[in-house]
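Peer 1: Next up is a structure, given as structure tokens.
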Amino acid sequence: MSGRLQDRHALLTGAAGGIGLAVAQAFVDEGARCTIVDIGAQPTDGARALIAAAPDRAQYVQADVTKQASIASMMTAARARFGTVQVLFNNAAVFDLAPLLDSDEASFDRLFAVNVKGMFFVMQAVLRQMVDDGVQGSVVNLASQAGRRGEALVSHYCATKAAVISYTQSAALAMAPHGIRVNGIAPGVVDTPMWAHVDALFAKYENLPLGEKKKAVGLAVPLGRMGRPADIAGAAVFLASDDAGYITAQTLNVDGGNVMS
């Protein structure tokens, strides 16, 4: 690793596993000090192992991004250990799907509470700290290829990720005078533990055998496979680093060629 994030304080939400944990590992490897945030009261085994390997450069903080008081406590704990947040990887999200005519209010409220409200107010809290402290930092919001188009069974999730892309653009314009960059990443299908849940939902509503949807979406990618968390981590390091110093208001497709823009 080249130390592209040396001694920068990175805060990562939804980072106890999957993409978030892979990005946290990549940030630590690049020299960052990381506040790893997730909703669990205790870190997962993966997060615990990362912290044990770099105890001076990683900590775990529990937070619920749907609650303002929890976000405030998260920011206090992050700052107390590693100072002003200089990089945000805004990743906390949930997934659900259902036929449009069967979709209920509870699913709508939960998806928008985490994926949009939580994403926005975490970003706002970090940006406010950067502006107050005169830090020219970087924000990376995790969107999705689902935010680039509608899907019959995935209407709410698609809408939440389209909102992430829109907020990324608006925040980038608002923060440009402060020298703060705001970008997004739109992954395609990524092989994480969450895909067991996703695959089961598609199996239910499309009358498929378990595992069939996951296999099909991987084969449909132009590069011929599902993404891996490390594929997203490389893009996140790039966007967070000075290598992307003239890039803002963009959402980078990291999807094996699924979406061309």
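Peer 1: Counting helices only, and only those DSSP H runs with n ≥ 4, report the 222 nm mean residue ellipticity of the chain as the sum of -39,500 (n - 2.57) divided by its residues, in deg cm²/dmol to the nearest 500.
Peer 2: Calculated from helices alone, the mean residue ellipticity at 222 nm is -14000 deg cm²/dmol.
Peer 1: Of Gln124, Gln145, Gln250, which has the largest mean-square fluctuation in a 10 Å C-alpha GNM of the chain?
Peer 2: Looking only at Gln124, Gln145, Gln250, the largest GNM fluctuation is found for Gln124.
Peer 1: Measure nothing but the geometry: give the 0 to 90° angle between the long axis through the Cα atoms of 194-206 and the longest principal axis through the Cα atoms of the chain, rounded to 10°.
Peer 2: Roughly 20 degrees, rounded to the nearest 10.
Peer 1: Oh, and also: Which lysines have a Cα less than 20 Å from the Cα of Lys161, not counting those fewer than 8 places away in the same chain?
Peer 2: Lys67, Lys117
Peer 1: Just to be sure I understand: with springs between alpha-carbon atoms less than 10 Å apart, which residue in Asp102, Asp243, Asp191 has the highest mean-square fluctuation in the Gaussian network model of the chain?
Peer 2: Asp102
Peer 1: Still on this structure, please answer the following. Taking Cα pairs under 8 Å and at least six residues apart, what relative contact order does the range 82-173 come out at, in percent?
Peer 2: Dividing the mean separation by the residue count of the range 82-173 yields 39 percent.
Peer 1: Rounded to two decimals, what ratio of Rg to Rh does the range 98-190 give with C-alpha atoms and a Kirkwood Rh?
Peer 2: Result: Rg/Rh = 1.05.
Peer 1: Then there is this: Helix 68-82 sits at what angle to the longest principal axis of the chain, using alpha carbons and giving 0 to 90 degrees rounded to 10?
Peer 2: In the chain, helix 68-82 runs at an angle near 50 degrees to the longest axis.
Peer 1: Quick one: compute the contact order of the range 1-83, relative version, from alpha carbon pairs under 8 angstrom and 6+ residues apart, as a percent. Mind showing how you got there, number by number?
Peer 2: Values: 133 pairs, mean separation 22.6, N = 83.
RCO, the range 1-83: 27 percent.
Peer 1: When Lys117, Lys161, Lys213 are ordered from fewest to most other Cβ atoms inside 10 Å of their Cβ, what list results? Each step should come with its number before you reach the end.
Peer 2: On the way: Lys117 17, Lys161 28, Lys213 20.
In order of increasing Cβ crowding within 10 Å: Lys117, Lys213, Lys161.
Peer 1: What ranking do Val259, Val61 get, fewest neighbouring Cβ atoms within 10 angstrom at the top?
Peer 2: Listing Val259, Val61 from fewest to most nearby Cβ atoms yields Val259, Val61.
Peer 1: So what's the projected area for the range 1-103, the Cα convex hull averaged over all directions, in nm²?
Peer 2: With every direction weighted equally, the projected area is 7.7 nm².
Peer 1: Counting pairs of alpha carbon atoms under 8 Å apart in space and at least six apart in sequence, what relative contact order in percent does the chain give?
Peer 2: 19 percent
Peer 1: Would you list Glu30, Glu206 from fewest to most Cβ contacts within 10 Å?
Peer 2: Glu206, Glu30
Peer 1: In a GNM of the chain with a 10 Å cut-off on Cα contacts, which of Ala49, Ala113, Ala63 has the highest mean-square fluctuation?
Peer 2: Judging by the Gaussian network model, the answer is Ala49.
Peer 1: Give me the one-decimal nm value for the distance between modelled label points at Ala106 and Thr76, 7 Å along each residue's Cα-to-Cβ direction.
Peer 2: 3.3 nm
Peer 1: Using only Cα atoms, tell me the angle between helix 18-29 and the longest principal axis of the chain; keep it within 0 to 90° and round to the nearest 10.
Peer 2: Computed tilt is about 30 degrees.
No value in this document is a laboratory result; all are computed from the given coordinates. None of the values given here were measured: they were computed from a predicted structure. Here the Cβ is made from the backbone with ideal geometry for all residues, glycine too, and neighbour counts use every protein chain on show.
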